[in-house]
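The values are calculated or read from the model by the stated rules, or taken from the named source; none is laboratory data. Note that the structure is a prediction, hence the values are computed from the model and not measured. Reconstructed Cβ throughout: ideal geometry from the backbone, glycine too, with neighbour counts over all protein chains shown.
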Amino acid sequence: MAILRRTKYLAVGLILASLFSGCSLFQKADDLEKKDGSAAQAAASAKNPITPEDDKEIKKIITKYCEKLFSLPINSTPGDLTALNEFLASRTINEGMNNPEVGIHTPRYVGLNGKTVIGYEVIKNKDGAKIDTSFVGKEGDFYTYYTKIGLMAQCVSDEEFNKKFKIKPDYSYEVSGAVDKNAIELYKVEARYDIEIVKDNKKFKILTSREASYKADNRSRMIKDNNDFITKIPYLDENSDDFKSEKEVMITYFNNLTKIDNERSNLLKAAWEKNLDEFKKYFDKLYGITKNKESKEIILLDMNYKENFNIQYFPLMEGMSGLKRYNNIKVIPHPLYSDKQKKYILKFDACVEMLNGILGDNVLYKYDYTVDLVKQGKDVKIKAVKMNGFAKSEDPQSYIDMADKLVNDKKLQDAVNLLENAYYITYDKTIKTKLDGLKSVQS
(Lines give C-alpha, C1' and ligand atoms only; values in the text may rest on other atoms or scores of the structure.)
Protein backbone atom coordinates (compact mmCIF):
# COMPACT_ATOMS: atom_id res chain seq x y z
CA MET A 1 0.00 0.00 0.00
CA ALA A 2 1.53 3.30 -1.14
CA ILE A 3 0.62 5.12 2.00
CA LEU A 4 2.89 2.85 4.05
CA ARG A 5 6.00 4.30 2.44
CA ARG A 6 7.80 6.08 5.25
CA THR A 7 10.64 8.55 5.45
CA LYS A 8 11.68 7.72 9.00
CA TYR A 9 15.39 7.59 8.14
CA LEU A 10 15.33 10.42 5.61
CA ALA A 11 17.31 12.89 7.71
CA VAL A 12 20.12 10.38 8.36
CA GLY A 13 20.15 9.43 4.69
CA LEU A 14 20.47 13.04 3.61
CA ILE A 15 23.43 13.62 5.90
CA LEU A 16 25.21 10.48 4.71
CA ALA A 17 24.51 11.34 1.10
CA SER A 18 25.95 14.81 1.50
CA LEU A 19 29.07 13.40 3.19
CA PHE A 20 29.86 10.58 0.78
CA SER A 21 28.45 11.72 -2.56
CA GLY A 22 30.06 14.50 -4.54
CA CYS A 23 27.29 15.07 -7.06
CA SER A 24 23.94 15.03 -5.33
CA LEU A 25 22.23 15.59 -2.01
CA PHE A 26 19.07 13.56 -2.52
CA GLN A 27 19.45 11.06 -5.37
CA LYS A 28 22.21 9.96 -7.67
CA ALA A 29 22.08 11.53 -11.12
CA ASP A 30 22.29 8.20 -13.00
CA ASP A 31 19.22 6.91 -11.13
CA LEU A 32 17.29 9.98 -12.16
CA GLU A 33 18.54 9.67 -15.72
CA LYS A 34 16.80 6.33 -16.07
CA LYS A 35 13.58 7.90 -14.86
CA ASP A 36 13.72 11.22 -16.69
CA GLY A 37 15.87 10.32 -19.64
CA SER A 38 18.19 13.28 -19.12
CA ALA A 39 21.33 13.35 -16.98
CA ALA A 40 21.37 17.14 -16.96
CA GLN A 41 17.78 17.36 -15.80
CA ALA A 42 18.46 14.67 -13.20
CA ALA A 43 21.44 16.56 -11.76
CA ALA A 44 19.45 19.78 -11.60
CA SER A 45 16.56 17.98 -9.91
CA ALA A 46 18.91 16.42 -7.35
CA LYS A 47 20.50 19.76 -6.55
CA ASN A 48 17.16 21.55 -6.28
CA PRO A 49 14.59 18.90 -5.28
CA ILE A 50 11.85 21.51 -5.05
CA THR A 51 11.37 24.83 -6.80
CA PRO A 52 10.73 28.01 -4.76
CA GLU A 53 7.30 28.26 -6.37
CA ASP A 54 6.30 24.73 -5.38
CA ASP A 55 7.74 25.19 -1.89
CA LYS A 56 5.67 28.35 -1.42
CA GLU A 57 2.51 26.64 -2.67
CA ILE A 58 3.00 23.60 -0.41
CA LYS A 59 3.60 25.76 2.66
CA LYS A 60 0.40 27.67 1.94
CA ILE A 61 -1.52 24.36 1.69
CA ILE A 62 -0.03 23.11 4.98
CA THR A 63 -0.95 26.35 6.77
CA LYS A 64 -4.58 26.15 5.61
CA TYR A 65 -4.70 22.45 6.47
CA CYS A 66 -3.38 23.02 10.01
CA GLU A 67 -5.91 25.79 10.62
CA LYS A 68 -8.70 23.44 9.56
CA LEU A 69 -7.24 20.48 11.47
CA PHE A 70 -7.16 22.34 14.78
CA SER A 71 -10.64 23.72 14.30
CA LEU A 72 -11.88 20.14 14.67
CA PRO A 73 -13.05 18.98 18.09
CA ILE A 74 -11.08 16.38 19.97
CA ASN A 75 -12.72 12.95 19.60
CA SER A 76 -13.68 13.93 16.04
CA THR A 77 -16.14 11.66 14.25
CA PRO A 78 -15.61 10.37 10.68
CA GLY A 79 -18.09 13.02 9.60
CA ASP A 80 -15.92 15.75 11.11
CA LEU A 81 -12.87 14.50 9.22
CA THR A 82 -14.45 15.00 5.81
CA ALA A 83 -13.70 18.71 6.34
CA LEU A 84 -10.06 17.82 5.65
CA ASN A 85 -10.70 16.07 2.33
CA GLU A 86 -9.89 19.10 0.18
CA PHE A 87 -6.28 18.94 1.43
CA LEU A 88 -5.77 15.17 1.32
CA ALA A 89 -4.49 12.79 -1.33
CA SER A 90 -7.03 10.32 -2.66
CA ARG A 91 -4.96 7.44 -1.26
CA THR A 92 -5.16 8.96 2.20
CA ILE A 93 -8.92 9.36 2.01
CA ASN A 94 -9.46 5.86 0.65
CA GLU A 95 -6.86 3.96 2.66
CA GLY A 96 -5.46 5.98 5.55
CA MET A 97 -8.27 7.85 7.28
CA ASN A 98 -9.34 4.79 9.23
CA ASN A 99 -5.76 3.88 10.05
CA PRO A 100 -4.28 6.80 11.99
CA GLU A 101 -1.11 4.82 12.65
CA VAL A 102 -0.02 5.66 9.10
CA GLY A 103 -2.40 8.40 8.05
CA ILE A 104 -3.75 11.55 9.68
CA HIS A 105 -3.18 12.29 13.35
CA THR A 106 -6.04 14.42 14.61
CA PRO A 107 -6.04 16.63 17.75
CA ARG A 108 -6.16 14.66 21.01
CA TYR A 109 -6.06 15.06 24.78
CA VAL A 110 -2.52 15.70 25.99
CA GLY A 111 -1.11 15.87 29.52
CA LEU A 112 1.15 18.82 30.39
CA ASN A 113 2.64 18.95 33.89
CA GLY A 114 -0.51 18.43 35.93
CA LYS A 115 -2.83 19.91 33.27
CA THR A 116 -4.66 18.25 30.39
CA VAL A 117 -5.36 19.91 27.05
CA ILE A 118 -9.02 19.57 26.08
CA GLY A 119 -9.14 21.98 23.13
CA TYR A 120 -6.98 23.89 20.67
CA GLU A 121 -7.01 27.03 18.57
CA VAL A 122 -4.30 28.16 16.14
CA ILE A 123 -2.61 31.36 17.36
CA LYS A 124 -2.87 34.24 14.91
CA ASN A 125 -1.10 37.58 14.90
CA LYS A 126 -0.83 40.48 12.46
CA ASP A 127 1.21 38.26 10.10
CA GLY A 128 -1.36 35.46 10.12
CA ALA A 129 -1.33 31.99 11.68
CA LYS A 130 1.68 31.12 13.86
CA ILE A 131 2.72 28.17 11.70
CA ASP A 132 6.34 27.56 10.69
CA THR A 133 6.96 24.97 7.99
CA SER A 134 10.37 23.80 6.74
CA PHE A 135 11.23 21.58 3.78
CA VAL A 136 13.12 18.47 4.90
CA GLY A 137 13.71 16.60 1.66
CA LYS A 138 12.32 14.58 -1.21
CA GLU A 139 12.37 10.82 -1.72
CA GLY A 140 10.81 9.57 -4.91
CA ASP A 141 7.45 11.30 -5.26
CA PHE A 142 7.24 12.22 -1.59
CA TYR A 143 8.05 15.70 -0.21
CA THR A 144 8.59 15.79 3.55
CA TYR A 145 7.98 18.90 5.66
CA TYR A 146 8.48 19.63 9.34
CA THR A 147 5.78 21.93 10.74
CA LYS A 148 5.58 23.79 14.06
CA ILE A 149 2.14 25.10 15.00
CA GLY A 150 1.55 27.72 17.68
CA LEU A 151 -1.64 26.87 19.56
CA MET A 152 -3.74 28.32 22.34
CA ALA A 153 -4.47 25.26 24.47
CA GLN A 154 -7.54 25.03 26.68
CA CYS A 155 -6.43 23.15 29.80
CA VAL A 156 -7.97 21.81 32.97
CA SER A 157 -6.29 20.23 35.97
CA ASP A 158 -5.73 16.47 35.75
CA GLU A 159 -8.14 16.11 38.67
CA GLU A 160 -10.89 17.94 36.79
CA PHE A 161 -10.15 15.96 33.63
CA ASN A 162 -10.45 12.63 35.42
CA LYS A 163 -13.87 13.64 36.75
CA LYS A 164 -15.31 14.31 33.29
CA PHE A 165 -13.36 12.06 30.94
CA LYS A 166 -13.30 8.28 31.23
CA ILE A 167 -10.69 6.29 29.34
CA LYS A 168 -11.82 3.37 27.18
CA PRO A 169 -9.89 0.18 26.33
CA ASP A 170 -8.65 1.65 23.04
CA TYR A 171 -7.37 4.72 24.95
CA SER A 172 -9.97 7.03 23.48
CA TYR A 173 -12.15 8.89 26.00
CA GLU A 174 -15.81 9.06 26.87
CA VAL A 175 -17.01 12.48 28.03
CA SER A 176 -19.39 12.28 30.98
CA GLY A 177 -20.39 15.93 31.30
CA ALA A 178 -19.65 19.53 30.42
CA VAL A 179 -16.48 21.08 31.85
CA ASP A 180 -16.94 24.12 34.07
CA LYS A 181 -15.70 27.12 32.06
CA ASN A 182 -14.16 28.58 35.19
CA ALA A 183 -11.92 25.52 35.44
CA ILE A 184 -10.35 26.15 32.01
CA GLU A 185 -7.02 27.95 31.73
CA LEU A 186 -5.35 29.03 28.50
CA TYR A 187 -1.71 28.19 27.81
CA LYS A 188 0.34 28.60 24.67
CA VAL A 189 1.92 25.48 23.21
CA GLU A 190 3.81 24.46 20.10
CA ALA A 191 2.87 21.21 18.35
CA ARG A 192 5.27 19.60 15.87
CA TYR A 193 4.21 17.48 12.90
CA ASP A 194 5.90 15.57 10.08
CA ILE A 195 3.86 16.08 6.93
CA GLU A 196 4.28 14.23 3.63
CA ILE A 197 3.12 15.78 0.37
CA VAL A 198 2.50 14.06 -2.95
CA LYS A 199 1.14 15.20 -6.30
CA ASP A 200 -2.37 13.95 -6.90
CA ASN A 201 -4.01 14.79 -10.25
CA LYS A 202 -1.33 17.47 -10.77
CA LYS A 203 -2.08 19.13 -7.42
CA PHE A 204 -0.13 18.97 -4.19
CA LYS A 205 -1.98 17.01 -1.53
CA ILE A 206 -1.22 15.80 1.98
CA LEU A 207 -0.45 12.09 2.14
CA THR A 208 0.28 11.83 5.87
CA SER A 209 0.29 14.22 8.81
CA ARG A 210 1.76 12.72 11.96
CA GLU A 211 2.92 13.93 15.33
CA ALA A 212 6.70 14.28 15.41
CA SER A 213 8.24 11.75 17.82
CA TYR A 214 5.03 9.73 17.76
CA LYS A 215 4.68 6.28 19.31
CA ALA A 216 4.82 3.18 17.15
CA ASP A 217 1.13 2.31 17.37
CA ASN A 218 -2.02 4.35 17.71
CA ARG A 219 -3.00 2.87 21.07
CA SER A 220 0.29 4.00 22.61
CA ARG A 221 0.08 7.39 20.92
CA MET A 222 -3.34 8.06 22.40
CA ILE A 223 -2.07 7.82 26.00
CA LYS A 224 -2.31 11.44 27.04
CA ASP A 225 1.05 11.53 28.80
CA ASN A 226 2.79 10.65 25.52
CA ASN A 227 3.41 14.30 24.72
CA ASP A 228 6.84 14.48 23.07
CA PHE A 229 5.41 16.33 20.07
CA ILE A 230 4.05 19.27 22.08
CA THR A 231 5.77 21.85 24.29
CA LYS A 232 4.64 24.85 26.31
CA ILE A 233 5.83 28.17 24.94
CA PRO A 234 5.82 31.57 26.70
CA TYR A 235 2.33 32.98 27.04
CA LEU A 236 3.64 36.54 26.82
CA ASP A 237 5.70 38.18 24.14
CA GLU A 238 8.38 40.19 25.95
CA ASN A 239 7.70 43.08 23.57
CA SER A 240 4.02 43.18 24.53
CA ASP A 241 2.48 46.00 26.54
CA ASP A 242 1.32 43.54 29.22
CA PHE A 243 4.83 42.25 29.81
CA LYS A 244 6.32 45.74 29.94
CA SER A 245 3.73 47.08 32.39
CA GLU A 246 3.90 44.01 34.66
CA LYS A 247 7.69 44.08 34.65
CA GLU A 248 7.64 47.75 35.64
CA VAL A 249 5.46 47.02 38.68
CA MET A 250 7.86 44.34 39.93
CA ILE A 251 11.00 46.41 39.31
CA THR A 252 9.41 49.38 41.09
CA TYR A 253 8.58 47.28 44.14
CA PHE A 254 12.06 45.82 44.52
CA ASN A 255 13.70 49.20 43.88
CA ASN A 256 11.52 50.65 46.64
CA LEU A 257 12.83 48.00 49.03
CA THR A 258 16.35 49.44 48.74
CA LYS A 259 15.08 52.38 50.84
CA ILE A 260 14.83 50.09 53.89
CA ASP A 261 17.88 50.04 56.16
CA ASN A 262 18.46 47.73 59.13
CA GLU A 263 16.72 49.98 61.67
CA ARG A 264 13.60 50.41 59.58
CA SER A 265 13.64 46.71 58.74
CA ASN A 266 13.35 45.90 62.46
CA LEU A 267 10.42 48.30 62.87
CA LEU A 268 8.73 46.84 59.79
CA LYS A 269 9.16 43.33 61.15
CA ALA A 270 7.52 44.33 64.44
CA ALA A 271 4.55 45.77 62.55
CA TRP A 272 4.34 42.66 60.36
CA GLU A 273 4.14 40.44 63.44
CA LYS A 274 1.29 42.51 64.98
CA ASN A 275 -1.45 42.57 62.36
CA LEU A 276 -2.37 43.55 58.82
CA ASP A 277 -3.33 47.16 59.63
CA GLU A 278 -0.08 47.91 61.46
CA PHE A 279 2.00 46.31 58.72
CA LYS A 280 0.14 48.11 55.95
CA LYS A 281 0.41 51.45 57.74
CA TYR A 282 4.13 51.20 58.42
CA PHE A 283 4.95 49.66 55.05
CA ASP A 284 3.33 52.62 53.32
CA LYS A 285 5.10 55.11 55.62
CA LEU A 286 8.50 53.84 54.46
CA TYR A 287 8.96 56.27 51.57
CA GLY A 288 5.81 55.07 49.84
CA ILE A 289 7.16 51.58 49.22
CA THR A 290 3.69 50.29 48.37
CA LYS A 291 3.23 52.88 45.57
CA ASN A 292 4.72 53.73 42.19
CA LYS A 293 5.85 57.18 41.05
CA GLU A 294 2.24 58.10 40.20
CA SER A 295 1.31 57.25 43.82
CA LYS A 296 -0.75 54.26 42.69
CA GLU A 297 -0.81 51.18 44.90
CA ILE A 298 1.27 48.35 43.44
CA ILE A 299 0.83 45.82 46.26
CA LEU A 300 -2.27 43.90 47.31
CA LEU A 301 -2.20 43.21 51.04
CA ASP A 302 -4.91 41.04 52.60
CA MET A 303 -5.33 38.66 55.52
CA ASN A 304 -2.86 36.26 53.87
CA TYR A 305 -0.08 38.87 54.01
CA LYS A 306 2.14 36.78 56.29
CA GLU A 307 2.21 33.98 53.75
CA ASN A 308 2.32 36.18 50.66
CA PHE A 309 4.91 38.68 51.97
CA ASN A 310 7.01 36.71 54.43
CA ILE A 311 9.21 39.23 56.22
CA GLN A 312 11.99 36.62 56.52
CA TYR A 313 12.41 36.61 52.76
CA PHE A 314 12.66 40.34 52.12
CA PRO A 315 15.99 41.12 50.36
CA LEU A 316 17.39 42.89 53.44
CA MET A 317 17.90 40.06 55.90
CA GLU A 318 19.33 39.62 59.36
CA GLY A 319 22.96 40.70 59.51
CA MET A 320 22.59 43.18 56.66
CA SER A 321 22.81 46.96 56.98
CA GLY A 322 21.44 48.01 53.60
CA LEU A 323 21.10 47.31 49.87
CA LYS A 324 23.45 49.44 47.74
CA ARG A 325 22.05 48.59 44.32
CA TYR A 326 20.82 45.79 42.03
CA ASN A 327 22.26 44.42 38.82
CA ASN A 328 21.58 41.67 36.27
CA ILE A 329 17.83 41.84 36.85
CA LYS A 330 16.00 39.12 34.92
CA VAL A 331 12.21 39.01 34.69
CA ILE A 332 10.95 35.75 33.17
CA PRO A 333 7.32 34.70 32.66
CA HIS A 334 6.77 31.56 34.74
CA PRO A 335 5.89 28.32 32.86
CA LEU A 336 2.53 28.44 34.69
CA TYR A 337 1.70 31.93 33.39
CA SER A 338 -1.73 31.73 31.77
CA ASP A 339 -4.78 33.85 31.09
CA LYS A 340 -5.80 33.32 34.73
CA GLN A 341 -2.55 33.62 36.64
CA LYS A 342 0.16 36.21 36.14
CA LYS A 343 3.26 34.54 37.51
CA TYR A 344 6.92 35.46 37.06
CA ILE A 345 10.40 34.40 38.04
CA LEU A 346 12.56 37.35 39.05
CA LYS A 347 16.32 37.07 39.60
CA PHE A 348 18.91 39.70 40.43
CA ASP A 349 22.27 40.43 42.03
CA ALA A 350 22.41 42.84 44.97
CA CYS A 351 25.36 44.65 46.49
CA VAL A 352 24.72 44.30 50.23
CA GLU A 353 26.46 46.19 53.03
CA MET A 354 26.87 43.79 55.93
CA LEU A 355 26.13 44.69 59.56
CA ASN A 356 29.36 43.72 61.29
CA GLY A 357 30.79 47.00 62.54
CA ILE A 358 32.97 47.46 59.45
CA LEU A 359 31.77 50.40 57.35
CA GLY A 360 31.53 49.52 53.68
CA ASP A 361 31.75 45.74 54.09
CA ASN A 362 30.06 45.01 50.75
CA VAL A 363 29.17 41.53 49.51
CA LEU A 364 27.31 40.37 46.40
CA TYR A 365 24.26 38.15 46.86
CA LYS A 366 22.10 36.43 44.27
CA TYR A 367 18.32 36.39 44.76
CA ASP A 368 15.66 34.27 43.08
CA TYR A 369 11.93 35.01 43.58
CA THR A 370 8.54 33.93 42.26
CA VAL A 371 6.14 36.86 41.96
CA ASP A 372 2.35 36.57 41.53
CA LEU A 373 0.42 39.51 40.11
CA VAL A 374 -3.27 40.23 39.93
CA LYS A 375 -5.23 42.65 37.80
CA GLN A 376 -7.66 45.04 39.50
CA GLY A 377 -9.50 47.12 36.98
CA LYS A 378 -6.84 48.63 34.73
CA ASP A 379 -4.09 48.30 37.33
CA VAL A 380 -1.76 45.40 38.03
CA LYS A 381 -0.67 44.70 41.62
CA ILE A 382 1.71 42.31 43.32
CA LYS A 383 -0.26 39.63 45.13
CA ALA A 384 2.57 37.47 46.52
CA VAL A 385 6.36 37.27 46.59
CA LYS A 386 8.01 33.94 47.39
CA MET A 387 11.75 33.36 47.65
CA ASN A 388 13.16 30.42 45.66
CA GLY A 389 16.81 30.89 46.51
CA PHE A 390 19.39 33.19 48.10
CA ALA A 391 23.17 32.80 48.17
CA LYS A 392 26.44 34.69 48.33
CA SER A 393 27.83 35.02 44.82
CA GLU A 394 31.04 33.27 43.85
CA ASP A 395 30.94 34.42 40.22
CA PRO A 396 33.89 36.75 39.46
CA GLN A 397 32.20 38.40 36.46
CA SER A 398 29.12 39.29 38.52
CA TYR A 399 31.37 41.11 41.02
CA ILE A 400 33.16 42.97 38.24
CA ASP A 401 29.85 43.96 36.60
CA MET A 402 28.51 45.26 39.92
CA ALA A 403 31.73 47.19 40.58
CA ASP A 404 31.36 48.89 37.17
CA LYS A 405 27.81 49.92 38.08
CA LEU A 406 28.95 51.35 41.41
CA VAL A 407 31.71 53.33 39.70
CA ASN A 408 29.14 54.71 37.25
CA ASP A 409 27.05 55.72 40.28
CA LYS A 410 30.14 57.62 41.54
CA LYS A 411 30.54 55.14 44.41
CA LEU A 412 34.19 54.26 43.84
CA GLN A 413 34.87 53.32 47.48
CA ASP A 414 31.90 50.95 47.52
CA ALA A 415 33.25 49.30 44.36
CA VAL A 416 36.70 48.90 45.94
CA ASN A 417 35.23 47.42 49.13
CA LEU A 418 33.12 45.00 47.10
CA LEU A 419 36.08 43.75 45.06
CA GLU A 420 38.25 43.37 48.15
CA ASN A 421 35.66 40.98 49.58
CA ALA A 422 35.24 39.34 46.18
CA TYR A 423 38.96 38.57 45.95
CA TYR A 424 38.91 37.09 49.46
CA ILE A 425 35.96 34.86 48.41
CA THR A 426 37.17 33.81 44.97
CA TYR A 427 40.94 34.52 44.71
CA ASP A 428 40.23 35.29 41.06
CA LYS A 429 43.00 37.03 39.08
CA THR A 430 40.59 39.14 37.00
CA ILE A 431 39.09 40.56 40.20
CA LYS A 432 42.58 41.35 41.51
CA THR A 433 43.45 43.15 38.28
CA LYS A 434 40.20 45.14 38.40
CA LEU A 435 40.72 45.96 42.08
CA ASP A 436 44.28 47.21 41.48
CA GLY A 437 43.00 49.42 38.66
CA LEU A 438 40.34 51.03 40.87
CA LYS A 439 42.82 51.60 43.67
CA SER A 440 45.16 53.36 41.28
CA VAL A 441 42.32 55.70 40.36
CA GLN A 442 41.77 56.45 44.07
CA SER A 443 45.42 57.33 44.75
Unique residue being in contact (Cβ under 8 Å) with a residue 40 or more places away in the chain and within 20 Å of residue 228 (Cβ to Cβ) when the list is 135, 165, 87, 161
161
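Any idea which residue in the range 215-238 is nearest to residue 346 (Cα to Cα), counting only those that are modelled with pLDDT under 90 and exposed (fewer than 14 other Cβ atoms within 10 Å of the Cβ)?
Of the residues in the range 215-238, the ones modelled with pLDDT under 90 are 215-226, 237-238.
Those still in the list that are exposed (fewer than 14 other Cβ atoms within 10 Å of the Cβ) too: 216-217, 219-220, 225, 237-238.
Values: 216: 41, 217: 43, 219: 42, 220: 39, 225: 30, 237: 16, 238: 14 Å.
Filtering the range 215-238 for residues that are modelled with pLDDT under 90 and exposed (fewer than 14 other Cβ atoms within 10 Å of the Cβ), the one nearest to residue 346 (Cα to Cα) comes out as 238.
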Name the pairs: first residue in the range 328-342 and of a type in the set (Gly, Ala, Ser), second residue in a strand (DSSP E or B), Cβ to Cβ under 8 Å, at least 6 apart or on different chains?
338/155; 338/185; 338/186; 338/187
Run residue 343 past the list (1) over 22 Å from residue 300 (Cβ atoms); (2) surrounded by fewer than 21 Cβ atoms within 10 Å (Cβ to Cβ) and report the number of the one that doesn't hold.
(1)
So residue 117 clears everything in (1) touching a strand residue (DSSP E or B) at 6+ places or on another chain (Cβ under 6 Å); (2) without any contact (Cβ under 8 Å) to a residue 12 or more places away in the chain except one condition, right? Which one?
(2)
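Based on this model, can you work out whether residue 405 counts as of a type outside the set (A, V, I, L, M) and either assigned to a loop (DSSP other than H, G, I, E, B) or without any contact (Cβ under 8 Å) to a residue 24 or more places away in the chain (or both)?
Values: of a type outside the set (A, V, I, L, M): yes; either assigned to a loop (DSSP other than H, G, I, E, B) or without any contact (Cβ under 8 Å) to a residue 24 or more places away in the chain (or both): no.
No: the conditions fail for residue 405.
Which ranges mark the helices (runs of 4 or more DSSP H) fully within the range 185-275 that have 1 or more residues being closer than 28 Å to residue 158 by Cα? Full working, then the answer.
Numbers: elements: 218-221, 241-257, 262-274.
Output list reads 218-221.
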Given (1) in the same structural domain as residue 298 (by TED's automatic domain parsing); (2) surrounded by 20 or more Cβ atoms within 10 Å (Cβ to Cβ); (3) without any contact (Cβ under 8 Å) to a residue 24 or more places away in the chain, number of the condition residue 371 does not satisfy
(3)
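Here is a yes/no grid of residues against (1) over 17 Å from residue 106 (Cα atoms); (2) in contact with a Cys (Cβ under 7 Å, 6 or more places away or on another chain); (3) surrounded by 18 or more Cβ atoms within 10 Å (Cβ to Cβ):
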position	(1), (2), (3)
124	yes, no, no
135	yes, no, no
149	no, yes, yes
154	no, no, yes
158	yes, no, no
162	yes, no, no
168	yes, no, no
173	no, no, yes
211	no, no, yes
Looking at 355, 364 in this structure, which one is at pLDDT below 95, among the hydrophobic types (A, V, I, L, M, F, W, C) and touching a strand residue (DSSP E or B) at 6+ places or on another chain (Cβ under 7 Å)?
355
Output the number of the condition that residue 255 fails; it satisfies all remaining conditions of (1) outside the structural domain of residue 66 (by TED's automatic domain parsing); (2) surrounded by fewer than 16 Cβ atoms within 10 Å (Cβ to Cβ); (3) under 26 Å from the mean Cα position of the chain (by Cα).
(3)
Scanning the range 105-146 for residues that are more than 20 Å from the chain's Cα centre (by Cα), farther than 15 Å from residue 206 by Cβ and of a type in the set (Asp, Glu) gives 127, 139
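Taking the range 109-121 as the region of interest, how many residues are over 24 Å from residue 178 (Cβ atoms) and of a type in the set (Val, Ile, Thr)?
First, pick out the residues of the range 109-121 that are over 24 Å from residue 178 (Cβ atoms): 113.
Subset that is of a type in the set (Val, Ile, Thr): none.
The qualifying residues number 0.
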